[in-house]
Amino acid sequence: LAKGGVLFIDEAYALVDGSNSFGDEAINTIVQEMENHRDEVVVILAGYPDKMEKFLKTNPGLRSRFAFHVPFEDYSTHELCEIASLMAKKKGLCFEEGVMPILEETFEEARRQSDFGNGRFVRNLLEKAEMNCSLRLNRIDAAKITEEDLRTIRRSDFEIPKRAEVIRKRQIGFAG
């Protein structure tokens, strides 16, 4: 169990979502190891607040062993745009003029969803745009492609989900 280190469990509530038959056993083991080695291990659980609250109620020993709860606010629309710009810059890419207003609108809408993925949403949106850029450039005669073409993500490269599509994609289970 990460003795002498840190055990980080993201989306810890997935251990008890009903699809993981070893979840209860894993939780019991974590609780026991935390007690037996409390001076040798740091355990960090992360996840959406409402789901984490349910998770902490699944085992009587969990809540008392996690003395600190640190809530993190979602990124603002402005911060998400900065993240997108930084991710693109790190890859040597830039956005054509007019992309930022579209991203702002997209991030503003996405932030309203209850299980919005924050930075993950930005990364996924940018990765799809990169793929679309590659497909677009693949249709052009290679001799005509400029350095700027290779580095610029255009507005048309982004697949901006419509509000109804964002909601539909986030449904879990069967929908009629």
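The values are calculated or read from the model by the stated rules, or taken from the named source; none is laboratory data. All figures in this text were calculated on a predicted structure; none of them were measured in a lab. Cβ atoms come from the backbone with ideal geometry, glycine included; neighbour counts cover every protein chain shown. SASA here: full protein model, heavy atoms, side chains in, ligands and nucleic acids out. Shrake-Rupley method; radii C 1.70, N 1.55, O 1.52, S 1.80 Å.
Taken over region 31-52, the criterion of being among the hydrophobic types (A, V, I, L, M, F, W, C), buried (at least 16 other Cβ atoms within 10 Å of the Cβ) and outside any helix (DSSP H, G or I) is satisfied by V41, V43, L45.
Those residues that are among the hydrophobic types (A, V, I, L, M, F, W, C), closer than 21 Å to E159 by Cβ and either in a loop (DSSP other than H, G, I, E, B) or in contact (Cβ under 8 Å) with a residue 24 or more places away in the chain (or both), I need them from region 58-105; list them, please. Selection gives L80, C81, I83, A84, M87, A88, L93, C94, F95, V99, I102, L103. Of F22, F68, F55, F8, all but one fail to be touching a helix residue (DSSP H, G or I) at 6+ places or on another chain (Cβ under 9 Å) and loosely packed, with under 15 Cβ neighbours inside 10 Å; the exception is F22. Would you mind telling me which numbered condition in (1) under 30 Å from K128 (Cα atoms); (2) surrounded by 13 or more Cβ atoms within 10 Å (Cβ to Cβ) G98 fails? Failed condition: (2). Just to be sure, is E108 within 21 Å of I160 (Cα to Cα), touching a strand residue (DSSP E or B) at 6+ places or on another chain (Cβ under 7 Å) and open to solvent by 50 Å² or more (accessible area, probe 1.4 Å)? So E108 does not fit the description; no. Of the residues contained in region 124-146, none is found to be out of contact with any Lys or Arg (no Cβ under 8 Å at 6 or more places or on another chain), at pLDDT below 90 and open to solvent by 40 Å² or more (accessible area, probe 1.4 Å).
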